[in-house]
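Colleague: Let me begin by handing over the structure; questions about it come next.
The values are calculated or read from the model by the stated rules, or taken from the named source; none is laboratory data. Keep in mind the model is a prediction, meaning the values are calculated, not measured. Here the Cβ positions follow ideal geometry from the backbone for every residue, glycine too, while neighbour counts run over all protein chains shown. For the accessible areas, the whole protein counts, side chains as well, though only heavy atoms, and no ligand, DNA or RNA atoms are used. Shrake-Rupley method; radii C 1.70, N 1.55, O 1.52, S 1.80 Å.
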Amino acid sequence: MVKYTMFDPQAYIQDFPILQRKIHGDKRLIYLDNAATSQKPQQVLDTITEYYTQHNANVHRGIHQLGDESTKIFHAARKTIATFFGTDPQEFVVVRNTTEAINQVAYTWGEEYLTAGDVILISEMEHHSNIVPWQELAHRKHAQLAYLDVDQMGRLSLDQLRIQIKTYGNKLKLVALTHVSNAIGTLNPIKEVVEIIHADSPETQVLVDGAQAAPHLAIDFHRLNVDFYVVSAHKMLGPMGMGGLFIRRDLLKKMKPFLFGGGMINEVTKEKTTFAEDLEERFTAGTPDVAGLAGWAAACEYLGKMGMHTLQEYDQTLVEHALRRLREIPQIKIVGPLSATQRVGSVAFLYKGVHAHDVGQILDSEGIAVRSGHHCTMPLHTKFEWQATVRASFQLYNTSEDIDALIEGLKKVQKVFGQ
Amino acid sequence: MSDLYHEVILEEFKHPQNYGSIADADLILRERNSSCGDEVTIYLKVCDENGQQKITDIKWEGQGCAISQAAMSVLSATIKQQGMTTQHVTTLTQSPIEELLGLDEISIGRIKCLLLGVQAFKKALQNKESK
Ligand SMILES: Cc1ncc(COP(=O)(O)O)c(C=O)c1O
């Protein structure tokens with residue numbers, strides 16, 4: 001395929017002030033822990049500062065200029081973020097992060113619609129935040145939690161999905177899958193998954209965990225045609241403490257609010273309350289984090305300027321380079337798909353004879369930040385008997401030189417441990 | 001190169017002291033840090049000394065990162081040399097073990113690795129007390 005757009009990360013690195021700082025004295029920071037959280041560009045930081053220095057006031061309340069400005073910023077930010085994800089503010093519930101979004105679905109939709117004997121289907125590659133809330137819900141409801149297998153190459157099987165749908169029939173109430181695996185980088189074929197579910201089990205709801213997809217892929221909520229899509233701002237250049245729960249409008253209309261209080265009501269008497277008709281209002285209880293939302297919107301604009309398709313292409317080149325260079329080291333076993341096209345955002349591996357924490361520590365001494373551990377995917381690690389893996393994960397400010405530095409760092413591991 | 005991985009640690013990691021098991025152990029302690037997969041199994045021979053358990057022999061087996069395994073190695077050597085009681089072991093903190101390994105101060109993320117062995121003793125004591 002001919003690539004018309006050549007992305008040049010050098011033009012953007014200076015936007016990230018933290019990348020200028022030194023590590024362990026005078027080492028350049030090589031930040032390869034983006035799947036845990038990304039760094040933030042100056043544009044995002046400025047937006048947050050500007051909100052507090054120029055516009056801070058509560059929304060929807062005071063009749064005064066600052067209140068108006070703040071309210072406008074709030075709605076504009078919600079619109080920008082929702083548009084970035086291919087939807088509109090009426091389908092966008094603000095939460096703190098992906099974890100909270102999934103819990104909210106479990107506590108609202110799950111509590112209301114799940115009954116004893118029903119089935120929730122997830123996969124073995126899910127992050128704990130897409131496992132534990134369902135385990136808990138299943139316990140509360142006497143429902144069953146079932147798993148799709150992950151094969152040796154880190155893939156799900158669509159055939160197994162078809163079989164599971166047939167097996168569970170109308171008991172299958174929810175399929176909750178990650179779009180991109182944070183542990184092994186797999187890009188799951190969500191479109192095909194949704195088509196199969198809609199064809200064979202149209203009543204089943206689909207939740208997609210987009211925590212690792214949102215930072216790298218163009219997400220079109222409507223085109224994906226899922227019921228719930230959940231993301232964290234902090235992994236996509238936005239601030240911590242902001243997340244999105246996107247819910248299909250007709251479903252959201254039927255759902256009970258999760259949080260009750262100010263802002264989400266129509267009329268309150270001593271005895272009872274009617275809730276706001278407007279979905280945005282009904283699902284925003286209490287004072288929102290306007291600065292955080294504005295910061296997240298700035299991150300969406302920043303990413304949008306480059307174009308997510310361009311960024312995905314660039315991510316592919318980084319993943320490909322990492323896969324190729326890691327194969328040069330005989331002690332390294334890459335986990336997950338071996339082809340870059342089946343991956344997004346990261347490459348994780350085992351280093352023969354050396355624990356992942358020791359690898360991470362030696363890399364850190366060279367200024368290289370990676371993640372080591374089970375990456376909140378213990379069932380997956382247990383299945384494949386990986387004690388812990390080392391993961392390098394990328395963002396647009398990473399370069400192939402960063403990956404080369406990682407390889408040099410890994411050679412130090414070899415020197416230190418003599419293997 | 002890498003301060004943490006100086007000779008003492010690598011030597012202890014590669015040639016751990018008191019490594020192995022005791023077939024007729026009086027006590028067997030296990031500890032596992034499930035977040036990283038580090039684990040140790042400790043075999044003890046003990047005798048009673050004023051109502052406390054004095055350790056007369058110790059062996060251990062384990063797997064995991066260099067820090068956890070090296071720390072367990074030097075811990076086992078000290079316990080044996082000083083004939084510590086199990087109660088005494090539970091009072092050990094981060095710094096004496098850092099000292100044994102010749103470390104200044106370990107990073108916050110590695111404290112659990114350092115104290116894996118001590119944790120095994122603490123847990124055993126807690127279990128005993130809660131019984
Ligand atoms: C796939 C996936 N799901 C969920 C989460 C949880 O995200 P958060 O900690 O922002 O709630 C993560 C974060 O690591 C993730 O990678």
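Colleague: Mind counting the residues in the range A:133-153 that are out of contact with any Leu (no Cβ under 8 Å at 6 or more places or on another chain), away from the ligand (no atom under 14 Å from the Cβ) and open to solvent by less than 20 Å² (accessible area, probe 1.4 Å)?
Modeller: Looking only at that region, the number is 0.
Colleague: Taking residue A:280, is it among the charged types (D, E, K, R), within 29 Å of residue A:15 (Cβ to Cβ) and away from the ligand (no atom under 16 Å from the Cβ)?
Modeller: no
Colleague: Sticking with this structure for a sec: Among residues belonging to the range A:220-237 that are in contact (Cβ under 8 Å) with a residue 60 or more places away in the chain and part of a loop (DSSP other than H, G, I, E, B), point out the one that is surrounded by the fewest Cβ atoms within 10 Å (Cβ to Cβ).
Modeller: This residue is A:220.
Colleague: So, in the range B:85-97, of the ones that are among the hydroxyl-bearing types (Ser, Thr, Tyr) and assigned to a helix (DSSP H, G or I), which residue ends up farthest from the other protein chains (Cβ to nearest Cβ)?
Modeller: By that ranking, first place goes to B:86.
Colleague: Looking only at the range B:64-84, filter to residues that are away from every other protein chain (no Cβ under 14 Å) and over 13 Å from the mean Cα position of the chain (by Cα); which one of those is surrounded by the fewest Cβ atoms within 10 Å (Cβ to Cβ)?
Modeller: B:81
Colleague: Which members of the range A:154-173 meet the condition of being open to solvent by less than 10 Å² (accessible area, probe 1.4 Å) and either within 22 Å of residue B:35 (Cβ to Cβ) or within 16 Å of the ligand (Cβ to nearest atom) (or both)?
Modeller: A:154
Colleague: Same structure again: Tell me which of these residue A:130 doesn't satisfy, since it passes every other one: (1) closer than 22 Å to residue A:222 by Cα; (2) polar (S, T, N, Q); (3) open to solvent by 10 Å² or more (accessible area, probe 1.4 Å).
Modeller: (3)
Colleague: Just for the range A:24-58: of the residues that are within 28 Å of residue A:216 (Cα to Cα) and among the aromatic types (Phe, Trp, Tyr), which one is surrounded by the most Cβ atoms within 10 Å (Cβ to Cβ)?
Modeller: Checking each candidate, the answer is A:31.
Colleague: A follow-up question, please. If I ask for residues that are assigned to a strand (DSSP E or B), without any contact (Cβ under 8 Å) to a residue 24 or more places away in the chain and open to solvent by 60 Å² or more (accessible area, probe 1.4 Å), which ones from the range B:14-63 would you list?
Modeller: B:28, B:32, B:48
Colleague: Check whether at least one residue in the range A:57-73 is under 22 Å from residue A:215 (Cα atoms), within 25 Å of the chain's Cα centre (by Cα) and more than 16 Å from the ligand (Cβ to nearest atom), and report yes or no.
Modeller: No, the range A:57-73 contains no residue that is under 22 Å from residue A:215 (Cα atoms), within 25 Å of the chain's Cα centre (by Cα) and more than 16 Å from the ligand (Cβ to nearest atom).
Colleague: Would you point out which residue out of A:195, A:267 is over 30 Å from residue A:347 (Cβ atoms), open to solvent by 50 Å² or more (accessible area, probe 1.4 Å), away from the ligand (no atom under 16 Å from the Cβ) and acidic (Asp, Glu)?
Modeller: Result of the check over A:195, A:267: A:267.
Colleague: Which of the numbered conditions does residue A:106 fail, given that it passes all the others? Conditions: (1) free of Cβ contacts under 8 Å to residues at least 40 places away in the same chain; (2) open to solvent by 30 Å² or more (accessible area, probe 1.4 Å).
Modeller: Checking residue A:106 against (1) free of Cβ contacts under 8 Å to residues at least 40 places away in the same chain; (2) open to solvent by 30 Å² or more (accessible area, probe 1.4 Å), the one that fails is (2).
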